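The structure appears right after this line, and notes come after that.
The values are calculated or read from the model by the stated rules, or taken from the named source; none is laboratory data. For clarity, every value in this text was computed on a predicted model and none was experimentally measured. Note that we place each Cβ from the backbone using ideal geometry, even for glycine, and neighbour counts take in every protein chain shown.
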Amino acid sequence: MLCEYPLYLSKRLTRLPIFRTSAIIFPMEKIKFVFFDMDGTLLDTLEDLHEALNHTLGEMGYPLKTLEETRNYVGNGIFCLVERGLPENAKYLAKEGSERFKKYYRAHLTVHTRPYEGITELIEALEARGIKIGIVSNKSQQPLEELAEYFFRGKASVTVGYTDGLPAKPAPDMLYAAMEAVGADKENSLYAGDSAVDVETALNAGVKGIFCAWGFAGRERLEKTGARPIIDAPEELLNYLG
């Protein structure tokens with residue numbers, strides 16, 4: 001896993017936009033599965049991640065981070081989040097810091113975390129259309145499952161989080177694993193995320209993507225990656241299904 005820089009700030013994707021027009025319509029009869037990123041797409045987890053990072057840094061005796069700094073660190077899982085938060089001369093302690101982070105975070109998963117406005121209604125609308133949803137996240141599997149159950153009560157047909165042996169996003173392996181679990185394929189799947197990591201994941205998987213401006217990265221950063229289409233509210237996703 002590469003943690004040298006925050007992928008939200010990456011310029012690597014400007015040469016590889018997935019779509020060059022915002023007028024894309026994904027035929028409804030073809031889309032049977034929508035796979036969502038979790039953090040910054042379905043749930044606003046930023047404050048809880050931020051507090052867990054600062055608890056970890058403070059416990060280890062290092063300077064705390066601002067919320068905006070934490071925003072720039074997320075997207076590639078806990079190890080990279082912690083490594084990016086540590087000073088240059090302490091990055092070798094990222095593994096230890098990750099374990100401290102996990103212990104605190106598991107006990108504080110839902111202090112501030114909530115679904116973004118309109119997400120619950122979007123999931124219900126997709127369900128009404130017979131479209132199944134899955135969740136694919138670089139969050140560790142256990143907290144991912146706990147959050148999915150707490151907020152969405154079994155609505156997700158599959159949840160795939162980070163586990164040893166399965167390369168994290170933007171590698172396509174996690175998305176492929178979710179697709180295989182529910183019998184989806186590239187033609188009938190749509191992937192929704194909020195960051196450059198998600199843009200690259202969809203590209204690497206060869207799956208249609210749609211990108212969410214309400215998340216951690218925001219519209220301006222998504223546009224810099226070449227992401228298309230970008231939506232500003234959850235209900236807009238339904239418009240792209242025709």
**OP:** Select from the range 135-170 the residues that are crowded, with 16+ Cβ neighbours inside 10 Å and of a type in the set (G, A, S) and write down the one among them that is nearest to T41 (Cα to Cα).
**Re:** S137
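Conditions tested, residue by residue: (1) of a type in the set (D, E, K, R); (2) out of contact with any His (no Cβ under 8 Å at 6 or more places or on another chain); (3) under 19 Å from E117 (Cα atoms).
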residue: T163; (1), (2), (3): no, yes, no
residue: S189; (1), (2), (3): no, yes, no
residue: F211; (1), (2), (3): no, yes, yes
residue: T225; (1), (2), (3): no, yes, no
residue: E235; (1), (2), (3): yes, yes, yes
**OP:** Return the pairs, sorted by first residue and then second, in which the second residue is of a type in the set (F, W, Y) and crowded, with 23+ Cβ neighbours inside 10 Å, the first residue lies in the range 38-59 and is without any contact (Cβ under 8 Å) to a residue 60 or more places away in the chain and over 16 Å from S140 (Cβ atoms), the beta carbons are less than 8 Å apart, and the residues are 6+ apart or on different chains.
**Re:** H55/F101
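Residue by residue, here is whether (1) β-branched (V, I, T); (2) closer than 23 Å to A184 by Cα; (3) outside the structural domain of V207 (by TED's automatic domain parsing); (4) in contact with an Asp or Glu (Cβ under 8 Å, 6 or more places away or on another chain) holds:
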| residue | (1), (2), (3), (4) |
| --- | --- |
| K91 | no, no, yes, yes |
| K132 | no, yes, no, no |
| E146 | no, no, no, no |
| T159 | yes, yes, no, yes |
| K169 | no, yes, no, yes |
| P172 | no, yes, no, no |
Subject >> Given (1) surrounded by 14 or more Cβ atoms within 10 Å (Cβ to Cβ); (2) within 18 Å of the chain's Cα centre (by Cα), number of the condition E117 does not satisfy >> reply: (1)
Original post:
In the range 89-107, which residues are surrounded by 15 or more Cβ atoms within 10 Å (Cβ to Cβ) and in a loop (DSSP other than H, G, I, E, B)?
Top reply: none
**OP:** Return yes when L203 is of a type outside the set (F, W, Y), under 14 Å from the mean Cα position of the chain (by Cα), assigned by TED's automatic domain parsing to the domain that holds T163 and buried (at least 19 other Cβ atoms within 10 Å of the Cβ) and no when it is not.
**Re:** no
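If you scan the range 170-195, which residues turn out to be of a type in the set (A, V, I, L, M), more than 13 Å from P229 (Cα to Cα) and touching a helix residue (DSSP H, G or I) at 6+ places or on another chain (Cβ under 7 Å)? If you could, list the steps in order and put the result at the bottom.
Just the residues of the range 170-195 that are of a type in the set (A, V, I, L, M), to begin with: 171, 174-175, 177-179, 181-182, 184, 190, 192.
Okay, now just the ones that are also more than 13 Å from P229 (Cα to Cα), so 171, 174-175, 177-179, 181-182, 184.
Of everything in the range 170-195, those that are of a type in the set (A, V, I, L, M), more than 13 Å from P229 (Cα to Cα) and touching a helix residue (DSSP H, G or I) at 6+ places or on another chain (Cβ under 7 Å) turn out to be A171, L175.
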Original post:
Do we have V111 as out of contact with any His (no Cβ under 9 Å at 6 or more places or on another chain), assigned to a loop (DSSP other than H, G, I, E, B) and touching a residue at least 60 places away in the same chain (Cβ under 8 Å) here?
Top reply: yes
Subject >> Selection count where residues are more than 16 Å from E117 (Cα to Cα) and surrounded by 19 or more Cβ atoms within 10 Å (Cβ to Cβ), scope the range 43-60 >> reply: 8
Subject >> Selection from the range 150-197 of residues that are without any contact (Cβ under 8 Å) to a residue 24 or more places away in the chain, over 17 Å from the mean Cα position of the chain (by Cα) and within 23 Å of R106 (Cβ to Cβ) >> reply: R153, G154, D164, G165
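Please determine whether any residue of the range 77-88 is in a loop (DSSP other than H, G, I, E, B) and surrounded by 13 or more Cβ atoms within 10 Å (Cβ to Cβ).
Restricting attention to the range 77-88, the residues satisfying the condition of being in a loop (DSSP other than H, G, I, E, B) are 77, 86-87.
Cutting the leftovers down to surrounded by 13 or more Cβ atoms within 10 Å (Cβ to Cβ) gives us 77, 86.
Yes, the range 77-88 contains a residue that is in a loop (DSSP other than H, G, I, E, B) and surrounded by 13 or more Cβ atoms within 10 Å (Cβ to Cβ).
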